[in-house]
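Scroll down for the structure; my scribbles are underneath it.
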C-alpha cells in the first residue's frame, strides 16, 4: 500500500536524527568519534548494581516484575525529592513529580500536555536535536533565540515573546548546554523566569548535565527560583548513573499533575519498575555523590586535555567554548563555512563530530559551528583526533 | 498561574483512567478485587531472571547500562523474529520491527505516525481503556463497532468505514479480547483485512493475550494473513514474562519503518537496554513455552473455577462470555442496569470489578456490562467473591 498519504501531518516533516546517521559511521572501530553524547562507561557503578539486582530479585521480585503505577515507584520518588530539596533547593511541597523513561520522554509529555499544532516553542539556538525533534512531532512552531556564554540572549527572547503570541513554552538547557557547553548566568535565569511570568509561558528546564560541574561555582536551577509554577524541571539519571536504564524525573506545579499523569498513562503506562527499584536502592544504600565526583574528574581531565590540544592545533580564526562542566565543546569557524561538508572531509580522515546545522531550528541552513564531545575518548585518541582536525582546519583557515 | 488555559486541546478532554481510581479502592487488603488485569506473579521466572542479571552484569555490563539504538537490542529482535516466523507464521522478510516500552507505547507511536486531530479510529465496543485514551490524547474521533463471540461485527464495520471517510485505523484485540474475553473467528479476521484493504485503512492488531489459550484451537493472527502491509502487529512480554520490565514489539511493513523509528526516537530515544537483554537471554537460554504453559494452567483453573461459581451463584437473567484463554470474563446484566452504581454497591460488600462504561467510546453513557478478572486471585477468594456478587445480583434480578 501507499503509506505516504497515510502519514500524519505532524510526522511528515520529521526526519531521522542526523546524529544517528553519523553514529553509524562514527561507530566504526577505526574512527575517532567526537560525535557522541554518551557518559563514560567507567562511571557506571556496575558492582553496586549487580548486588542490588540480586537483592531485589531475592527480597521483592514480584514488585520489580509486576505492573507499577504511572506516577512512579514511591521509594525512588522519595529519594529524589530529598535530593532535590537538599541539593537543589527545590520546594517539593509546592510541586509534584513523575518518573519518566528518560528526559526526552519528559519533553514529549510536557509538549503533549501544552502544545497544539502551530503553537510556538522558543529554543536556544543551537539546542538539543532530540527535543527539537520532539517539538516537531507535535507540529510546534520553533523560534530560535541565540545564546552566548551567559545563556539565552534575553533581549531577543523578549522580542520573540512579544512578537509571537502563539508561544507557550521556552525550552532551555541552562547548565553545560548541549551542544554549546555554555551555562546561563544567574542574571539570565532570573530574566528568563521574569519573562515567562510576564508573557505567561512555561519554561521547560532540562538539566541532565547539572551535576557534572568540574570548575567554577554552581548556579541555582531556574526551578529553585520559581514561586509561580512557571517552570517544569526535568532531571535525569542518564549522565550520573546509567542511560540504558532510561530514568528521569519531571517536577512541576500541582496544577499540571493530572494531565501529565494521564499523558504518561496513555503513552507507556509507567516507567520500568525494576530500573526504578535499582536507582532507589542505589540512592539509599550507596553514595551517588562519590560516583558523580568520579565522573567529574574523568570529564575535567578529558575536557582540559581536549582544550589544550585545541589551543595548540587549531588555527587562531577558530573559536570555541570553554565549558565548566558537562560533556560538550562548541567550535565556531569563520563565517560562511559549512560544517556539514567539513564533517564529510573529517570522516574521510577518520575523525567524526556533529555539524552545527543539526542543532538549529532550520536544519537545512549551512552552519559554521560544530559540536565536539570528550566524555568517552581515551587520552591518545583525543590527542590524535584533535591533531587531525587541527590539520584539516589549518589547511582551510590559516 | 492558571494552567487551564495552557492545556492543549487534545489533552483537555482526557481524564485519568477509571480503572486506576478503582485500583486505589481495590488495592485495599480487605477487598476481593476482580478489577485488575495483572498477570499471575507465580508465572514470573524469578530465578532465571536473577541468574541472567548476574550474567549480564558480569559479562557485558556496559552494553546493559549505556545508551542503545531506537529500533531495539538486536539479539532480542532476532529471537522475537524467529518466534514470530516459526510460531505465528508472520513473514519477517517483508516486515520491520521496533522494540517498544510496552504495547501501549506501540499504540501511541502508531497513532502519532498516522492520526491527525479529527481523523477516525474504529474500536471494538467494548475495548481496552488504555488505548482508547491513547487515541483521545491525539484528538482522534472514535467509532465503536459492537463485538460478539466471533469478534467485531463486520457488517457494521463496513457501514462505519463507508460512512466516515476520516477513518485511518481499526484498533482490534482479536484474541481473548480485553475486556470481553472473546476471540475473533478466522472469517471475521479475513473480512476485517479485506475491508482494511478495500477502504485503505491500517489495522492495529494488539495481541498481548494470544499465547494464553487454555482450550480450543489457535486462530491465525490477522498479521499472518496480511500480504499488503495493512496490518501493524503489536506483541507483548507483559502477560507471558513480566509487565514491570515494559517490553513489547511492533511489526509493520517496511514502508512505515522510518516514521515509526523517528517517532520512537523523539518519544523516549530507545527502550530500556538492560530489560531487553534480560528478555533476549531468557528467550535464548530458557524455554519460554514451558513458562507460558504454566501460566495457561493457572488461568485455565481460575477461569473454570470462576465460571462454575458464576453458573451456580448468578441469576439466570445475567449472561457472560466463556473465554478460551486470556484473563477476562465479560458479564452482561438486564438492559437498563448501570454497572457503575452497581460497582459502588459491590465495593461496599468488599468486591471490586470494572464497570463496562469504562471500555466504551462514550464513557459517560451508562452500561449494563462489567469486566471480571481471574488471573491473580486464589481459589477461596474467587469462590467467596463470586458468592457475594451473586447475592447482590440476585437481590436485583431474581
Under 8 Å by Cβ, and 6 or more places apart or on different chains, what pairs join a residue from segment B:41-52 that is more than 9 Å from chain A (Cβ to nearest Cβ) and farther than 15 Å from residue B:275 by Cβ with one that is surrounded by 22 or more Cβ atoms within 10 Å (Cβ to Cβ) and at pLDDT 95 or above? B:43/B:295
Quick test for you: out of A:115, A:129, pick the one residue that is within 14 Å of chain B (Cβ to nearest Cβ) and modelled with pLDDT under 95. A:129
Residue B:266 meets each of (1) crowded, with 22+ Cβ neighbours inside 10 Å; (2) touching a residue at least 12 places away in the same chain (Cβ under 8 Å); (3) in a helix (DSSP H, G or I) with one exception, condition (2)
Could you list all residues from segment B:71-88 that are at pLDDT below 95 and either within 25 Å of residue B:131 (Cβ to Cβ) or in contact with a strand residue (DSSP E or B) (Cβ under 6 Å, 6 or more places away or on another chain) (or both)? B:87, B:88
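Could you say which residue among B:273, B:261 is within 8 Å of chain A (Cβ to nearest Cβ), surrounded by fewer than 23 Cβ atoms within 10 Å (Cβ to Cβ) and touching a residue at least 60 places away in the same chain (Cβ under 8 Å)? Walk me through it before giving the result.
On the way: B:273 fails: surrounded by fewer than 23 Cβ atoms within 10 Å (Cβ to Cβ).
From the options B:273, B:261, the qualifying one is B:261.
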crowded, with 18+ Cβ neighbours inside 10 Å and out of contact with any strand residue (DSSP E or B) (no Cβ under 7 Å at 6 or more places or on another chain), is that true of residue B:198? no
Taking residue B:90 and the conditions (1) assigned to a helix (DSSP H, G or I); (2) away from chain A (no Cβ under 12 Å), which numbered condition does it fall short on, given that it satisfies the others? (1)
Among the residues listed as A:136, A:213, A:246, the single one being surrounded by 17 or more Cβ atoms within 10 Å (Cβ to Cβ) and over 21 Å from residue A:260 (Cα atoms): A:213
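If you take the residues in segment B:198-210 that are more than 13 Å from every other protein chain (Cβ to nearest Cβ) and farther than 20 Å from residue B:260 by Cα, which one is nearest to the chain's Cα centre (by Cα)? Let's see the steps before the verdict.
Initial filter on segment B:198-210 (more than 13 Å from every other protein chain (Cβ to nearest Cβ)): B:205-207, B:209-210.
Now restrict to residues that are farther than 20 Å from residue B:260 by Cα: B:209-210.
Numbers: B:209: 7, B:210: 10 Å.
Looking at the filtered set, the residue picked out is B:209.
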Against the conditions (1) surrounded by fewer than 18 Cβ atoms within 10 Å (Cβ to Cβ); (2) within 21 Å of residue A:243 (Cα to Cα); (3) touching a residue at least 12 places away in the same chain (Cβ under 8 Å); (4) at the interface with chain A (Cβ under 8 Å from one of its Cβ atoms), where does residue B:101 fall short? Just the number, please. (1)
Only strands (runs of 3 or more DSSP E) wholly contained in segment A:93-150 count here; list those with 2 or more residues that are closer than 18 Å to residue A:231 by Cα. A:95-100, A:120-125
Regarding residue A:225, is this residue over 23 Å from residue A:330 (Cβ atoms) and more than 14 Å from every other protein chain (Cβ to nearest Cβ)? yes
With the structure loaded, tell me whether residue A:307 is modelled with pLDDT under 95, farther than 14 Å from residue A:179 by Cα and surrounded by fewer than 21 Cβ atoms within 10 Å (Cβ to Cβ) or whether it fails that test. no
Please go through (1) in contact (Cβ under 8 Å) with a residue 24 or more places away in the chain; (2) part of a loop (DSSP other than H, G, I, E, B); (3) at the interface with chain B (Cβ under 10 Å from one of its Cβ atoms); (4) in contact with a helix residue (DSSP H, G or I) (Cβ under 9 Å, 6 or more places away or on another chain) for residue A:38 and return the number of the only condition it doesn't satisfy. (4)
Quick check on segment A:351-370. Is at least one of its residues in a strand (DSSP E or B) and free of Cβ contacts under 8 Å to residues at least 60 places away in the same chain? yes
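The values are calculated or read from the model by the stated rules, or taken from the named source; none is laboratory data. These numbers were taken from a predicted model, which means no experiment stands behind them. Neighbour counts run over all protein chains shown; Cβ positions are idealised from the backbone, glycine included.
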